[in-house]
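Shown next, in structure tokens, is the structure this report addresses.
Since every read-out is calculated from the coordinates, none of them should be taken as a lab result. Note that this is a predicted model, so its numbers are computed, not measured. Note: ideal-geometry Cβ built from the backbone for every residue, glycine included; neighbour counts use all protein chains shown.
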Amino acid sequence: MSDKSEKDRAPRVKSAYELALERLDSEGVSRPESLSEDQRLKVGELRRQAEAKLAELEILHRDRLRKLADTEARDKEEEEYVRERRRIEEQRDAKIAKTRGS
């Protein structure tokens, strides 16, 4: 037998992407749907808008924290920041899901 015929019978090395898709299939997770160019652009824009809002929120949060000396007031500000951040992220995710579904 030649070396070439042995190589032909050797299993093909799979990419990390192929392995990940097989893992998802075996776990029963559906594969991500391909998006149209318009949908990709819209999702990108939604992500950029959310990132801008989150950056602004963080800047304002840090500024308010610098002005607060009371630990109770700082804790309250931190809770408010986390709550608002979560709201922005949830809105972003909902808009993206809606865009992908349409």
*Taking θ as phi - 60°, what are the ³J(HN,Hα) couplings along the stretch 87-101 by the Karplus curve (6.51, -1.76, 1.60), each to the nearest whole Hz, with x for Gly and Pro?*
4, 4, 5, 5, 4, 4, 5, 5, 5, 5, 4, 5, 5, 5, x
*Lysine pairs meeting the criterion (Cα under 18 Å, 8 or more apart or interchain), as found in the stretch 36-102*: 5
_Whole-Hz ³J(HN,Hα) for each residue in the stretch 44-50, computed from phi via Karplus 6.51 cos²θ - 1.76 cosθ + 1.60 with θ = phi - 60°, x for glycine and proline: what do you get?_
x, 5, 4, 5, 5, 4, 5
*Distance-filtered residues of the stretch 57-83 - backbone nitrogen under 12 Å, label point 7 angstrom along E90 Cα→Cβ*: 83
_Report D for the stretch 36-102 in µm² per second (integer): Stokes-Einstein, Kirkwood Rh on Cα pairs, 25 °C, 0.890 mPa s._
184
